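The values are calculated or read from the model by the stated rules, or taken from the named source; none is laboratory data. In this text the structure is predicted, and so the values were computed from the model without any measurement. When we count neighbours, we look across all protein chains shown, and the Cβ atoms used for this are built from the backbone with ideal geometry, even at glycine. These accessible areas exclude ligands, DNA and RNA; they are computed on the full protein's heavy atoms, side chains included. Shrake-Rupley method; radii C 1.70, N 1.55, O 1.52, S 1.80 Å.
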Amino acid sequence: MSKDEIYATDDAGDRPFRFNAAVADVFPDMLRRSIPGYAASIEAIGSLAARYVTPNSNCYDLGCSLGAASLAMQTGINAAGCRIIAVDNAPAMVERCRDILRQVAGPDHPVPIAVRHEDIRDTVIENASMVVMNYTLQFLDRNDRDAIIARIHDGMLPGGLFLLSEKVVDEDPHMQDLLVDLHHEHKRRNDYSQLEISRKRAALENVLVPESVAVHRGRLANAGFAHTGVWLRYFNFVSIVAIKAG
Ligand code: GEK
(Lines give C-alpha, C1' and ligand atoms only; values in the text may rest on other atoms or scores of the structure.)
Protein backbone atom coordinates (compact mmCIF):
# COMPACT_ATOMS: atom_id res chain seq x y z
CA MET A 1 0.00 0.00 0.00
CA SER A 2 1.55 3.38 -1.02
CA LYS A 3 1.92 5.88 1.81
CA ASP A 4 -0.12 9.11 1.78
CA GLU A 5 2.43 11.97 1.68
CA ILE A 6 0.24 14.36 -0.33
CA TYR A 7 0.52 17.17 2.23
CA ALA A 8 4.08 16.35 3.33
CA THR A 9 5.85 17.96 0.38
CA ASP A 10 6.88 21.60 0.33
CA ASP A 11 4.91 22.36 -2.84
CA ALA A 12 1.63 21.09 -1.31
CA GLY A 13 0.57 24.75 -1.04
CA ASP A 14 -3.00 25.78 -0.30
CA ARG A 15 -4.72 23.95 -3.15
CA PRO A 16 -8.23 22.66 -2.39
CA PHE A 17 -8.44 18.89 -1.97
CA ARG A 18 -9.25 16.98 -5.18
CA PHE A 19 -9.83 13.29 -5.95
CA ASN A 20 -7.03 13.13 -8.56
CA ALA A 21 -4.54 10.39 -9.55
CA ALA A 22 -2.10 11.24 -6.73
CA VAL A 23 -4.90 10.79 -4.17
CA ALA A 24 -6.22 7.60 -5.81
CA ASP A 25 -2.71 6.07 -5.65
CA VAL A 26 -2.47 6.45 -1.86
CA PHE A 27 -6.19 6.25 -1.07
CA PRO A 28 -6.38 3.03 1.01
CA ASP A 29 -3.54 4.31 3.24
CA MET A 30 -5.19 7.77 3.47
CA LEU A 31 -8.54 6.34 4.61
CA ARG A 32 -6.96 3.90 7.06
CA ARG A 33 -4.89 6.65 8.73
CA SER A 34 -7.44 9.48 8.53
CA ILE A 35 -10.96 8.08 9.12
CA PRO A 36 -11.33 6.49 12.55
CA GLY A 37 -13.77 3.59 12.28
CA TYR A 38 -13.40 3.21 8.50
CA ALA A 39 -12.58 -0.53 8.72
CA ALA A 40 -15.57 -1.08 11.03
CA SER A 41 -17.88 0.63 8.52
CA ILE A 42 -16.72 -1.67 5.72
CA GLU A 43 -17.14 -4.77 7.91
CA ALA A 44 -20.69 -3.76 8.86
CA ILE A 45 -21.62 -3.18 5.20
CA GLY A 46 -20.95 -6.89 4.56
CA SER A 47 -23.05 -7.99 7.56
CA LEU A 48 -25.91 -5.66 6.63
CA ALA A 49 -25.86 -6.86 3.01
CA ALA A 50 -26.33 -10.43 4.26
CA ARG A 51 -29.41 -9.33 6.24
CA TYR A 52 -31.08 -6.78 4.00
CA VAL A 53 -30.32 -7.53 0.35
CA THR A 54 -33.28 -9.33 -1.23
CA PRO A 55 -33.36 -11.51 -4.39
CA ASN A 56 -33.34 -9.83 -7.81
CA SER A 57 -32.67 -6.35 -6.41
CA ASN A 58 -30.08 -3.63 -7.01
CA CYS A 59 -27.46 -2.41 -4.53
CA TYR A 60 -25.76 0.96 -4.95
CA ASP A 61 -22.37 2.20 -3.73
CA LEU A 62 -22.52 5.99 -4.22
CA GLY A 63 -19.05 7.56 -4.21
CA CYS A 64 -17.40 4.16 -4.49
CA SER A 65 -13.73 5.32 -4.74
CA LEU A 66 -11.76 2.07 -5.05
CA GLY A 67 -14.77 -0.17 -4.42
CA ALA A 68 -14.21 -1.28 -0.81
CA ALA A 69 -17.91 -1.04 0.11
CA SER A 70 -18.97 -2.77 -3.12
CA LEU A 71 -16.61 -5.67 -2.39
CA ALA A 72 -17.98 -5.92 1.16
CA MET A 73 -21.55 -6.03 -0.19
CA GLN A 74 -20.58 -8.58 -2.82
CA THR A 75 -19.08 -10.85 -0.14
CA GLY A 76 -22.05 -10.44 2.19
CA ILE A 77 -24.93 -10.91 -0.24
CA ASN A 78 -26.68 -14.30 0.02
CA ALA A 79 -29.65 -13.49 -2.20
CA ALA A 80 -29.74 -14.60 -5.84
CA GLY A 81 -30.06 -12.42 -8.93
CA CYS A 82 -28.63 -9.20 -7.43
CA ARG A 83 -26.26 -6.67 -8.94
CA ILE A 84 -24.18 -3.86 -7.50
CA ILE A 85 -23.90 -0.45 -9.16
CA ALA A 86 -20.79 1.46 -8.02
CA VAL A 87 -20.65 5.15 -8.94
CA ASP A 88 -17.91 7.77 -8.74
CA ASN A 89 -17.27 10.97 -10.69
CA ALA A 90 -13.45 11.02 -10.28
CA PRO A 91 -11.87 9.42 -13.39
CA ALA A 92 -8.76 8.29 -11.46
CA MET A 93 -10.93 6.48 -8.88
CA VAL A 94 -13.12 4.81 -11.50
CA GLU A 95 -10.14 3.58 -13.51
CA ARG A 96 -8.37 2.07 -10.47
CA CYS A 97 -11.65 0.70 -9.08
CA ARG A 98 -12.24 -1.22 -12.33
CA ASP A 99 -8.68 -2.63 -12.19
CA ILE A 100 -9.09 -3.73 -8.57
CA LEU A 101 -12.46 -5.38 -9.20
CA ARG A 102 -11.07 -7.21 -12.23
CA GLN A 103 -8.27 -8.60 -10.05
CA VAL A 104 -10.27 -9.34 -6.88
CA ALA A 105 -13.76 -10.29 -8.02
CA GLY A 106 -13.37 -11.43 -11.62
CA PRO A 107 -16.12 -11.29 -14.27
CA ASP A 108 -17.87 -14.56 -13.27
CA HIS A 109 -18.88 -13.65 -9.72
CA PRO A 110 -22.62 -14.37 -9.14
CA VAL A 111 -23.10 -10.78 -7.94
CA PRO A 112 -21.78 -8.54 -10.75
CA ILE A 113 -20.46 -5.06 -9.96
CA ALA A 114 -20.90 -2.38 -12.65
CA VAL A 115 -18.66 0.66 -12.12
CA ARG A 116 -20.09 3.87 -13.54
CA HIS A 117 -18.26 7.13 -14.10
CA GLU A 118 -21.14 9.40 -13.18
CA ASP A 119 -22.16 12.16 -10.81
CA ILE A 120 -24.26 10.51 -8.10
CA ARG A 121 -26.75 13.38 -8.46
CA ASP A 122 -27.59 11.89 -11.88
CA THR A 123 -27.77 8.25 -10.77
CA VAL A 124 -31.22 6.72 -11.13
CA ILE A 125 -31.94 4.64 -8.03
CA GLU A 126 -34.43 1.84 -8.68
CA ASN A 127 -35.40 -1.53 -7.24
CA ALA A 128 -32.82 -1.05 -4.47
CA SER A 129 -32.69 -3.19 -1.34
CA MET A 130 -29.44 -1.57 -0.12
CA VAL A 131 -27.76 1.77 -0.80
CA VAL A 132 -24.39 2.82 0.68
CA MET A 133 -22.96 6.33 0.88
CA ASN A 134 -19.78 5.79 2.86
CA TYR A 135 -18.30 9.27 3.48
CA THR A 136 -19.58 10.85 0.23
CA LEU A 137 -22.60 13.07 1.00
CA GLN A 138 -20.23 15.45 2.83
CA PHE A 139 -18.65 16.41 -0.54
CA LEU A 140 -21.95 17.43 -2.17
CA ASP A 141 -23.18 21.01 -2.20
CA ARG A 142 -25.45 21.39 0.81
CA ASN A 143 -28.32 22.52 -1.43
CA ASP A 144 -28.23 19.19 -3.28
CA ARG A 145 -28.37 16.93 -0.24
CA ASP A 146 -32.13 16.84 0.47
CA ALA A 147 -32.96 15.91 -3.12
CA ILE A 148 -30.50 13.01 -3.38
CA ILE A 149 -31.58 11.51 -0.05
CA ALA A 150 -35.24 11.76 -1.14
CA ARG A 151 -34.42 10.06 -4.47
CA ILE A 152 -32.58 7.28 -2.66
CA HIS A 153 -35.59 6.70 -0.41
CA ASP A 154 -38.00 6.70 -3.34
CA GLY A 155 -35.88 4.24 -5.35
CA MET A 156 -35.69 1.73 -2.51
CA LEU A 157 -37.84 -1.34 -1.96
CA PRO A 158 -39.97 -1.60 1.20
CA GLY A 159 -37.74 -2.72 4.10
CA GLY A 160 -34.57 -1.64 2.25
CA LEU A 161 -31.50 -0.34 4.07
CA PHE A 162 -29.54 2.85 3.47
CA LEU A 163 -26.14 3.22 5.15
CA LEU A 164 -24.82 6.77 5.44
CA SER A 165 -21.37 7.45 6.92
CA GLU A 166 -20.22 11.04 7.41
CA LYS A 167 -17.79 13.27 9.20
CA VAL A 168 -20.06 15.36 11.43
CA VAL A 169 -19.86 18.53 13.45
CA ASP A 170 -20.92 18.49 17.10
CA GLU A 171 -23.57 21.03 18.09
CA ASP A 172 -21.78 21.75 21.39
CA PRO A 173 -18.73 23.92 20.52
CA HIS A 174 -16.79 22.57 23.52
CA MET A 175 -17.37 18.97 22.39
CA GLN A 176 -16.53 19.94 18.81
CA ASP A 177 -13.13 21.33 19.90
CA LEU A 178 -12.41 18.22 21.97
CA LEU A 179 -13.39 15.78 19.17
CA VAL A 180 -11.37 17.66 16.53
CA ASP A 181 -8.39 17.67 18.85
CA LEU A 182 -8.70 13.94 19.55
CA HIS A 183 -8.92 13.27 15.80
CA HIS A 184 -5.75 15.27 15.16
CA GLU A 185 -3.98 13.38 17.94
CA HIS A 186 -5.16 10.12 16.32
CA LYS A 187 -3.67 11.30 12.99
CA ARG A 188 -0.38 12.20 14.68
CA ARG A 189 -0.28 8.68 16.16
CA ASN A 190 -0.84 7.42 12.62
CA ASP A 191 2.32 9.20 11.49
CA TYR A 192 0.95 12.43 10.00
CA SER A 193 2.99 15.52 10.97
CA GLN A 194 1.37 18.63 12.46
CA LEU A 195 2.07 20.43 9.15
CA GLU A 196 0.38 17.72 7.08
CA ILE A 197 -2.65 17.79 9.39
CA SER A 198 -3.07 21.57 9.16
CA ARG A 199 -2.50 21.65 5.38
CA LYS A 200 -5.12 18.91 4.85
CA ARG A 201 -7.54 20.73 7.12
CA ALA A 202 -7.15 23.91 5.02
CA ALA A 203 -7.48 21.96 1.75
CA LEU A 204 -10.78 20.40 2.89
CA GLU A 205 -12.27 23.77 3.90
CA ASN A 206 -15.41 24.31 1.75
CA VAL A 207 -14.78 20.95 0.01
CA LEU A 208 -15.89 18.67 2.83
CA VAL A 209 -18.81 20.40 4.56
CA PRO A 210 -19.96 18.45 7.64
CA GLU A 211 -23.38 18.69 9.28
CA SER A 212 -24.64 17.54 12.67
CA VAL A 213 -26.13 14.11 13.39
CA ALA A 214 -29.48 15.83 14.09
CA VAL A 215 -29.49 17.43 10.62
CA HIS A 216 -28.73 14.08 8.99
CA ARG A 217 -31.42 12.24 10.93
CA GLY A 218 -33.94 15.01 10.25
CA ARG A 219 -33.21 14.83 6.51
CA LEU A 220 -33.59 11.04 6.51
CA ALA A 221 -36.91 11.28 8.38
CA ASN A 222 -38.17 14.01 6.00
CA ALA A 223 -37.29 11.79 3.05
CA GLY A 224 -39.60 9.15 4.55
CA PHE A 225 -37.26 6.63 6.22
CA ALA A 226 -39.17 4.87 9.01
CA HIS A 227 -36.18 4.09 11.26
CA THR A 228 -32.83 5.84 11.61
CA GLY A 229 -30.04 5.27 14.07
CA VAL A 230 -26.34 5.85 14.65
CA TRP A 231 -24.66 2.45 14.86
CA LEU A 232 -21.04 3.73 14.92
CA ARG A 233 -19.36 6.85 16.23
CA TYR A 234 -15.63 7.40 16.62
CA PHE A 235 -14.83 11.06 17.44
CA ASN A 236 -16.69 13.02 14.72
CA PHE A 237 -16.96 10.11 12.29
CA VAL A 238 -20.44 8.65 12.30
CA SER A 239 -22.29 5.90 10.50
CA ILE A 240 -26.09 5.89 10.37
CA VAL A 241 -28.52 3.26 9.14
CA ALA A 242 -31.91 4.24 7.75
CA ILE A 243 -34.59 1.67 6.98
CA LYS A 244 -37.55 2.17 4.67
CA ALA A 245 -40.95 1.09 5.97
CA GLY A 246 -41.69 -2.58 5.13
C1 GEK B 1 -15.21 3.86 0.59
N2 GEK B 1 -17.10 5.15 -0.24
O3 GEK B 1 -14.05 3.43 0.45
N4 GEK B 1 -20.58 12.06 -7.68
C5 GEK B 1 -19.87 10.90 -7.62
N6 GEK B 1 -18.84 10.69 -6.76
C7 GEK B 1 -18.49 11.70 -5.96
C8 GEK B 1 -19.17 12.96 -5.96
C9 GEK B 1 -20.26 13.11 -6.87
N10 GEK B 1 -20.96 14.24 -6.94
N11 GEK B 1 -18.59 13.77 -5.04
C12 GEK B 1 -17.59 13.06 -4.47
N13 GEK B 1 -17.52 11.82 -5.03
C14 GEK B 1 -15.64 5.04 -0.24
C15 GEK B 1 -14.97 6.30 0.22
S16 GEK B 1 -14.45 8.91 -0.52
C17 GEK B 1 -14.39 9.53 1.09
C18 GEK B 1 -15.57 7.54 -0.38
C19 GEK B 1 -13.24 10.40 1.40
C20 GEK B 1 -16.58 10.74 -4.70
C21 GEK B 1 -15.11 11.12 -4.73
O22 GEK B 1 -14.59 11.09 -6.05
C23 GEK B 1 -14.50 10.06 -3.82
O24 GEK B 1 -14.04 8.95 -4.53
C25 GEK B 1 -15.66 9.67 -2.87
O26 GEK B 1 -16.82 10.33 -3.37
C27 GEK B 1 -15.47 10.05 -1.42
O28 GEK B 1 -16.02 3.36 1.42
O29 GEK B 1 -12.33 10.56 0.58
O30 GEK B 1 -13.24 10.96 2.59
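Going by what's in this entry, would R18 be described as within 29 Å of E205 (Cβ to Cβ) and more than 8 Å from the ligand (Cβ to nearest atom)?
yes
Filter the range 160-179 down to residues that are more than 20 Å from S41 (Cα to Cα) and among the aliphatic types (A, V, I, L, M) and give me whichever is surrounded by the fewest Cβ atoms within 10 Å (Cβ to Cβ).
Top of the filtered list is M175.
Need the failing condition index for V87 against (1) within 18 Å of the chain's Cα centre (by Cα); (2) more than 8 Å from the ligand (Cβ to nearest atom); (3) of a type in the set (V, I, T), just the number.
Of everything listed in (1) within 18 Å of the chain's Cα centre (by Cα); (2) more than 8 Å from the ligand (Cβ to nearest atom); (3) of a type in the set (V, I, T), V87 misses just condition (2).
Being part of a loop (DSSP other than H, G, I, E, B) and among the charged types (D, E, K, R) is the filter here; which residues of the range 89-112 pass it?
Quick first cut of the range 89-112, residues part of a loop (DSSP other than H, G, I, E, B) only: 89-90, 105-112.
If the condition is that a residue be part of a loop (DSSP other than H, G, I, E, B) and among the charged types (D, E, K, R), then D108 is the only one that fits.
Let me spell it out: the conditions are (1) under 18 Å from the mean Cα position of the chain (by Cα); (2) open to solvent by 40 Å² or more (accessible area, probe 1.4 Å), and R15 meets all of them except one. Which number is the exception?
(1)
Just for helices (runs of 4 or more DSSP H) wholly inside the range 153-246: which have at least 3 residues that are modelled with pLDDT of 95 or more?
173-189, 213-223
Looking for whichever is away from the ligand (no atom under 12 Å from the Cβ) and closer than 29 Å to H216 by Cβ here; the options are M93, M73, M130. Which one fits?
On the way: M93 fails: away from the ligand (no atom under 12 Å from the Cβ); M73 fails: away from the ligand (no atom under 12 Å from the Cβ).
After applying the criteria, what remains is M130.
Answer yes or no: is there a residue in the range 26-34 that is of a type in the set (D, E) and in contact with a Lys or Arg (Cβ under 8 Å, 6 or more places away or on another chain).
yes
Would you check if R199 is over 29 Å from A49 (Cα atoms) and without any contact (Cβ under 8 Å) to a residue 40 or more places away in the chain?
Numbers: over 29 Å from A49 (Cα atoms): yes; without any contact (Cβ under 8 Å) to a residue 40 or more places away in the chain: no.
Spelling it out, it is not the case that R199 is over 29 Å from A49 (Cα atoms) and without any contact (Cβ under 8 Å) to a residue 40 or more places away in the chain.
Please work out which residue is farthest from the ligand (Cβ to nearest atom), limiting yourself to the range 96-127 and to residues that are among the basic types (K, R) and farther than 22 Å from S239 by Cα.
R102
Give the number of residues within the range 31-70 that are more than 7 Å from the ligand (Cβ to nearest atom) and either modelled with pLDDT under 95 or assigned to a loop (DSSP other than H, G, I, E, B) (or both).
Count: 11.
May I ask you to list the residues in the range 88-111 that are surrounded by 19 or more Cβ atoms within 10 Å (Cβ to Cβ) and out of contact with any Phe, Trp or Tyr (no Cβ under 9 Å at 6 or more places or on another chain)?
V94, C97, L101, V111
Regarding the range 113-126, can at least one residue be identified that is touching a strand residue (DSSP E or B) at 6+ places or on another chain (Cβ under 7 Å), open to solvent by 70 Å² or more (accessible area, probe 1.4 Å), part of a loop (DSSP other than H, G, I, E, B) and in contact (Cβ under 8 Å) with a residue 60 or more places away in the chain?
Yes: the range 113-126 contains one or more residues that are touching a strand residue (DSSP E or B) at 6+ places or on another chain (Cβ under 7 Å), open to solvent by 70 Å² or more (accessible area, probe 1.4 Å), part of a loop (DSSP other than H, G, I, E, B) and in contact (Cβ under 8 Å) with a residue 60 or more places away in the chain.
Pick from A39, A50: which is open to solvent by 40 Å² or more (accessible area, probe 1.4 Å) and within 13 Å of the chain's Cα centre (by Cα)?
Of A39, A50, the one residue that is open to solvent by 40 Å² or more (accessible area, probe 1.4 Å) and within 13 Å of the chain's Cα centre (by Cα) is A39.
For the range 58-86, name all the residues that are surrounded by fewer than 24 Cβ atoms within 10 Å (Cβ to Cβ) and among the β-branched types (V, I, T).
T75, I85
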